[in-house]
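Since the structure comes first, as structure tokens, the remarks are kept for the end.
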Amino acid sequence: MLSRLRRYRTLQTLRHHGLPDHLWRKLRKNLYLLRTLGNREAVELRKLTTLLLHEKAIHGVRGLEMTLEMRAVIASQACLMILELDFGSFKGWKELIVYPGAFKVKRTVTDEYGIAHEQASALSGESWQDGPLILSWDDVERDSYKRHPGSHVIIHEFAHKLDALNGRVNGMPPLHPAMPIEKWSETLGAAYEHLQQQLLRGGQSINPYAATSPAEFFAVLSEYFFTAPAILKRYCDEVYKQLAAYYRQDPLSRTAP
Ligand SMILES: [Zn+2]
């Protein structure tokens, strides 16, 4: 009964709040991640985008006015990540806040001697567990219209939301039944350690921010997976395979724009 009700509500949302054709065409033309999708994928993505726009409150702060197009730019690229997952993957939170540019946050961090320090840093995005997701519009624009390999603030922050689904943001989202947890842990654990070693040696690597924690590792790898799959595959084929199994997508197989 519940699932029938949910299906009915979904159909009503799609029927009454569908994205206008001209806007969808514009997104597919301008957002490089959407250009290479096949027809089936594009139809599905449009549905998911509509549902996400309906379900989440996306609003600007500090005078930033969020038009439908701006909201759809965010929603469509976020939904690309769950194209082959369940829409419920983005459950458990309601609000997406968008700053015009990088935003400053003050945090208290405790050092190895137990002394607390106040730190201020400028962020391009942030994801609160069970809370809002925060983005900087400057960074969204920079990453959406032109490919910056390995950099995509929307994918990064939404990856944290997927990671948080099993209660902890630890670099492992809930895996599908056919995916052994040990295989994921071994593969990503080894790659994480390898990255730490590479950075110590001062060698070439992927974005060093990935070495901050296993959670950031998963978020940064997801950025590479969607924006620069060839680089990730070359960097570590086994990691690419694990992400392909989790997202149930193979971005490398999509033809180049
Ligand atoms: Zn992060």
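The values are calculated or read from the model by the stated rules, or taken from the named source; none is laboratory data. The structure displayed is predicted, hence computed values, not measured ones. Virtual Cβ from ideal backbone geometry, glycine too; neighbours counted across all protein chains shown.
Just to be sure before I move on: is L232 in a helix (DSSP H, G or I), surrounded by 20 or more Cβ atoms within 10 Å (Cβ to Cβ) and more than 15 Å from the ligand (Cβ to nearest atom) in the structure I sent?
Numbers: in a helix (DSSP H, G or I): yes; surrounded by 20 or more Cβ atoms within 10 Å (Cβ to Cβ): yes; more than 15 Å from the ligand (Cβ to nearest atom): yes.
Yes; evaluated as a whole, the condition is true for this residue.
Do any residues in segment 206-217 that are among the polar types (S, T, N, Q) have Cβ atoms under 7 Å from those of residues that are within 10 Å of the ligand (Cβ to nearest atom) and modelled with pLDDT of 95 or more, where the two are at least six apart or on different chains, and which pairs are they?
Pairs found: N207/V220.
For the list (1) at pLDDT below 85; (2) buried (at least 19 other Cβ atoms within 10 Å of the Cβ); (3) of a type in the set (S, T, Y), I need the number of the one condition that T50 fails.
Failing condition for T50: (1).
Yes or no: segment 149-159 includes at least one residue that is outside any strand (DSSP E or B) and at pLDDT below 85.
Our first condition is that a residue be outside any strand (DSSP E or B); within segment 149-159, this holds for 149-159.
Then drop every residue that is not at pLDDT below 85, which leaves none.
Among the residues of segment 149-159, not one is outside any strand (DSSP E or B) and at pLDDT below 85, which makes the answer no.
Residue check: is D130 farther than 23 Å from L27 by Cβ, surrounded by fewer than 16 Cβ atoms within 10 Å (Cβ to Cβ) and touching a residue at least 12 places away in the same chain (Cβ under 8 Å)? Before the answer, list the steps.
Numbers: farther than 23 Å from L27 by Cβ: yes; surrounded by fewer than 16 Cβ atoms within 10 Å (Cβ to Cβ): yes; touching a residue at least 12 places away in the same chain (Cβ under 8 Å): yes.
In short, yes.
Considering only segment 129-178, state which residues are within 15 Å of the ligand (Cβ to nearest atom) and hydroxyl-bearing (S, T, Y).
The answer is S136, S151.
Give me the pairs, please: first residue somewhere in segment 39-55 and under 17 Å from K91 (Cβ atoms), second residue anywhere and of a type in the set (K, R) and surrounded by 16 or more Cβ atoms within 10 Å (Cβ to Cβ), beta-carbon distance under 8 Å, and either six or more positions apart or on two chains.
Within 8 Å, the pairs are L53/R71.
Looking at G63 and the list (1) assigned to a helix (DSSP H, G or I); (2) surrounded by fewer than 11 Cβ atoms within 10 Å (Cβ to Cβ); (3) small (G, A, S), which single condition is not satisfied?
If we test G63 against (1) assigned to a helix (DSSP H, G or I); (2) surrounded by fewer than 11 Cβ atoms within 10 Å (Cβ to Cβ); (3) small (G, A, S), just (1) comes out false.
Restricting to segment 133-159, count the residues that are buried (at least 22 other Cβ atoms within 10 Å of the Cβ), more than 15 Å from E223 (Cα to Cα) and of a type in the set (G, A, S).
Count: 0.
Hey, can you tell me all the residues within segment 175-217 that are surrounded by 15 or more Cβ atoms within 10 Å (Cβ to Cβ), assigned to a loop (DSSP other than H, G, I, E, B) and under 18 Å from the mean Cα position of the chain (by Cα)?
Hits for segment 175-217 are L175, I206, N207.
Restricting the search to segment 160-174, which residues are of a type in the set (A, V, I, L, M, F, W, C) and assigned to a loop (DSSP other than H, G, I, E, B)?
First, pick out the residues of segment 160-174 that are of a type in the set (A, V, I, L, M, F, W, C): 162, 164-165, 169, 172.
Residues satisfying the conditions are V169, M172.
Is one or more of the residues making up segment 99-113 of a type in the set (A, V, I, L, M, F, W, C), surrounded by 21 or more Cβ atoms within 10 Å (Cβ to Cβ) and either at pLDDT below 95 or within 16 Å of the ligand (Cβ to nearest atom) (or both)?
Step one: filter segment 99-113 for residues of a type in the set (A, V, I, L, M, F, W, C), giving 102-103, 105, 109.
Add one more test, that the residue is surrounded by 21 or more Cβ atoms within 10 Å (Cβ to Cβ), and what stays is none.
Looking through segment 99-113, none of the residues is of a type in the set (A, V, I, L, M, F, W, C), surrounded by 21 or more Cβ atoms within 10 Å (Cβ to Cβ) and either at pLDDT below 95 or within 16 Å of the ligand (Cβ to nearest atom) (or both).
So which strands (runs of 3 or more DSSP E) stay within segment 87-127 end to end and still have 3 or more residues that are touching a Pro at 6+ places or on another chain (Cβ under 6 Å)?
Values: elements: 95-99, 103-110, 116-123, 125-127.
Fully inside segment 87-127 and qualifying: nothing.
Would you check if E223 is in contact (Cβ under 8 Å) with a residue 24 or more places away in the chain, touching a helix residue (DSSP H, G or I) at 6+ places or on another chain (Cβ under 9 Å) and under 20 Å from I154 (Cα atoms)?
For E223, the condition - in contact (Cβ under 8 Å) with a residue 24 or more places away in the chain, touching a helix residue (DSSP H, G or I) at 6+ places or on another chain (Cβ under 9 Å) and under 20 Å from I154 (Cα atoms) - is met.
Any chance you could count how many residues in segment 20-47 are crowded, with 16+ Cβ neighbours inside 10 Å and part of a loop (DSSP other than H, G, I, E, B)?
Count: 2.
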